Amino acid sequence: MGRLSTLGKRVGDMSFVAGGGVINWFPGHMAAGARAIRDRLKLTDLVIEVRDARIPLSSANEDLQHLLVRKRRIVALNKKDLANPNVMHHWIGRFELFKQDCISINAHSKSSVNQLLSLVELKLREVISREPTLLVMVVGVPNVGKSALINSISQIASTRFPAQEKSKRATVGPFPGVTQDIAGFKIANQPSIYVLDTPGVLAPSIPDIETGLKLALTDSVAGEVRLAHYLLAVLNLRRTPLHWDRLLKERAIESANETVRTVENVLKDSIPNRRNRKNAYEAVYIEDLVKSVQKTLYITLSEFEGNLEEENELESLIHKQLIALQKTFRIPHFDSDEAFIKVSKKLLILFRAGKLGTFILDDLSDASKPFS
């Protein structure tokens, strides 16, 4: 995504999104967390580095890469359901090109996490047979899904080894005779493999405005209007709304039939099950809203007669799109800062939930060397 530009300028460097400088909303105590991770890495036999599949490079912590490359490591690209699958396999291939194990996962899916754990066991058993106890650590920057992954591993571990619900501690040590108790979930025997029950939280590396915007776009409440400008710039420069035309026509036919079926099914049991009725109507409403948003962006871009490569003209298009989206979202206060904030919040919610489609924001051409 960093390669998308107007006149050689990256999107993040354009004046209408660059204002305000580098976005960094992460607390300072993460520096202490990084030191703790360094200490625990000495005990760890394998590291699962969780990244956001939508930003495989931007969601890495560059400061610790020199330590992580010395460990057995699996890069887990989480939230794969929100990433473009047609591009994702190219990313996995790029990681493997540099001899780095990589797998795309959905931390909320047991089958997906089981695939990750199978890879963990394989990578440990193929190189270690003499150690009685092996330790796996989950690390990653905020908001990439570390806790969700830990929770799924915990549930899988309790199924594999029910007795550990009472005790979940592993005795490990970096040197013979030097051991300590660490809380973890047992996932395998012979050798015993434990996953630490507390993930290592890394402060993200934000070397430039573009990286900060990508991180914030995937999950942040900071500067919604600025993020909405960045998102719309990305969509317009990729001509994404123009690809929605065919999709909107197909959906119109499917949706008409599905809406009738949904309403008929809900009305049959509307008295005994009002919750089903409410949920069904909400689903129909969201689907209709998404189609309206996509249609609005398609029309505004298709009618645009300017040059997207000119920054001022792109900014003008985005301003028109925000005004048009006010009507779509039924937000009053025409062309006001308050209205733009509300529009931006709603647009970001739809994007982050994957309702506008699946995306990978990082550019594959930037991955000439994913690790240092």
Unique residue being at positive phi and at pLDDT 80 or above when the list is K79, K42: K79
Filter the stretch 111-124 for residues that are hydrophobic (A, V, I, L, M, F, W, C), in contact with a helix residue (DSSP H, G or I) (Cβ under 9 Å, 6 or more places away or on another chain) and without any contact (Cβ under 8 Å) to a residue 60 or more places away in the chain and give the result. V113
Taking the stretch 89-108 and keeping only residues that are surrounded by fewer than 19 Cβ atoms within 10 Å (Cβ to Cβ) and within 20 Å of D219 (Cα to Cα), one is left with H108
Residues in the stretch 70-100 that are more than 14 Å from the chain's Cα centre (by Cα), closer than 15 Å to A60 by Cβ and assigned to a strand (DSSP E or B) total 2
Quick check, is L67 open to solvent by less than 80 Å² (accessible area, probe 1.4 Å), in contact with a helix residue (DSSP H, G or I) (Cβ under 9 Å, 6 or more places away or on another chain) and farther than 25 Å from D362 by Cα? no
Give all pairs with beta carbons closer than 7 Å in which a residue from the stretch 210-230 that is over 23 Å from A324 (Cβ atoms) meets a residue that is open to solvent by less than 20 Å² (accessible area, probe 1.4 Å) and basic (K, R); count only pairs at least 6 apart in sequence or on separate chains. T218/R54
Is there any pair linking a residue in the stretch 84-110 that is in contact (Cβ under 8 Å) with a residue 60 or more places away in the chain to one that is of a type in the set (D, E, K, R) and open to solvent by less than 60 Å² (accessible area, probe 1.4 Å), with Cβ under 9 Å and at least six apart or on different chains, and which? N84/R54; W91/D362; F95/D101; Q100/R73
Of everything in the stretch 122-145, what is assigned to a loop (DSSP other than H, G, I, E, B) and surrounded by fewer than 21 Cβ atoms within 10 Å (Cβ to Cβ)? Give them in sequence order. E126, V127, I128, S129, R130, E131, P132, P142, N143
Restricting attention to the stretch 321-355, which residues are free of Cβ contacts under 8 Å to residues at least 60 places away in the same chain, at negative phi, open to solvent by 90 Å² or more (accessible area, probe 1.4 Å) and part of a loop (DSSP other than H, G, I, E, B)? F334
Tell me the residue from T358, T296 that is of a type in the set (S, T, Y) and buried (at least 18 other Cβ atoms within 10 Å of the Cβ), please. T296
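The values are calculated or read from the model by the stated rules, or taken from the named source; none is laboratory data. The model shown is predicted, which means the values in this text are computed figures rather than measured ones. Heads up, the Cβs are rebuilt from the backbone with ideal geometry, glycines too, and the neighbour counts pull from every protein chain shown. These accessible areas exclude ligands, DNA and RNA; they are computed on the full protein's heavy atoms, side chains included. Shrake-Rupley method; radii C 1.70, N 1.55, O 1.52, S 1.80 Å.
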